[in-house]
Each structure stands twice: as structure tokens, then as C-alpha cells.
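Structure, as C-alpha cells:
No value in this document is a laboratory result; all are computed from the given coordinates. The model shown is predicted, which means the values in this text are computed figures rather than measured ones. A quick note on method: Cβ atoms are made from the backbone with ideal geometry, for glycine too, and the neighbour counts reach across all protein chains shown.
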Amino acid sequence: MYERILVPTDGSAGTTHVALQAIDLAEQYDATLYTLYVVNDDTRSLLPGGGDELRDRGQRAVDRVAKLAESHDVKSITEIREGDPASTILDYAGEVGANVIVAGTHGRSGVERRVIGSVAERLVRHANCPVMTVRLPETDETVDDADHATDLAADSLKTAGYDADVTGTERQRNVWVVEATTGDRTLVVYVDPVTQRTSVVSR
């Protein structure tokens, strides 16, 4: 159904949630993920450093999504363009033949939001393909409770071939730590709260 999925990003807080939604779709349909950052013509002159600063920010934003995609074994292509955000996204979607656009709402703030308005709204109105909108939270963390961390750890253990029972889950600094037992062995699963990547370690 989907072969080419486009996810625009501006690198703001919460965009990891949007990227993971797009990556989840790409995993389901074995699709290629296209990540686009648009250097906004209207705001470039208003910010310190102008276009160079925005391009650097854009490179960091698309690289972050590319690394997320890689961690989920999803093929990705990144692009940085200049222009009006909504128009540029729509043009790029047409160029790559995107089957769906996954876009965050309220991804911009301050002067950028006042200048461009709601990009997601314009995409919904004018795109020639379906648009999935994802409300952006105020943080990049995508695993914010113990139950979610436990579920991810259990799936990871099953995938690794362990018939294990989870015995405890706790947050330690920047990682979730999930303990499990199988027979006479103790296993620990580390869950990244942003990327949802898991690592199973035998004690």
C-alpha cells in the first residue's frame, strides 16, 4: 500500500514521535522513508546566522531521523530544501511520488509559527496523497511509563528467543532498565526512552 513515506521535520521537541510513526508504517509495508527539512525563506533573515544556521539545524534534524530509521532497519533518504515549508513539502512529495505524508502538528513555535501558520493544515488541504497528522508532545521521549518499557522489553526478549518473565522495571537516568528471569539466568533489557531501541544483556 505504501512504498514511499514522507516525513517532514523541523527538529523541534517531540518530532521523534512523528518520525517513529512514519518508521512504524515503513516497517509494516517495507517502504522507503523520505525525510525533509525546509529552510524557511521568510524566517531565514530573522534568525542569527541566517540560512547557514538553519541548514545546520536541518542537517542535525534529518540525521536524527535517519539514525532512528537505521535502528529499525528502514531504508531512508534525507533532503534539505529552501522555500515556503508547505509548498516545498508538497513539491517534494510529488517529486518522490510519496504515498503518504506523516506530519506533526504544532511543530514550530515563536516567530516561525507566526510567520508560516499551520503547515500541517496546508498539507491536509492541498496534498495529492493521504496526510497523517501526529500531535507533537513537549518532549522527544517516546517511552514515558513503565508499562510501555516493559512491553518493549518483553517483545525484545521474545524476538531474541528467550522464554523469560519480567520481574521489574525502573527508570535510571536516561534509560529504562527491565529485569527478567529465564531458568537460572537473569536478563536485563535496556530500553532507550527516545528511540525505543532495546539491548538484552545476560547477567
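If the segment from ARG125 to ILE77 were pulled out straight at 0.36 nm per residue, it would be longer than the present Cα-Cα gap by 14.8 nm.
Think of the chain as having a plus end and a minus end, set by charges on the Cβ of Lys, Arg, Asp and Glu; of TRP176, TYR190, TYR34, TYR34 sits farthest toward the positive end of this dipole.
Normalising the average separation of contacting C-alpha pairs (under 8 angstrom, six or more residues apart) by the number of residues puts the relative contact order of region 146-202 at 30 percent. Simple spin-label estimate for ASP144 and ASP84 gives 3.4 nm between the two label positions (7 Å along the Cα-to-Cβ direction from each Cα). The string of couplings for region 180-186 from the Karplus curve (6.51, -1.76, 1.60, θ = phi - 60°) is 8, 10, 8, x, 9, 10, 10 Hz, one whole number per residue in order, with x for Gly and Pro. Between SER202 and GLU53, the FRET efficiency estimated from the beta carbon spacing at R0 = 35 angstrom works out to 0.15.
Only one of (i) 47, 41, 37; (ii) 42, 37, 35; (iii) 62, 38, 24 was calculated from the structure for Cα extents along the principal axes in Å, and its label is (iii).
Nearest 0.05, what FRET efficiency do ASP91 and ARG173 give at R0 = 41 Å with Cβ-Cβ as r?
Working: r = 43 Å, r/R0 = 1.05.
Computed FRET efficiency for ASP91 and ARG173 comes out at 0.45.
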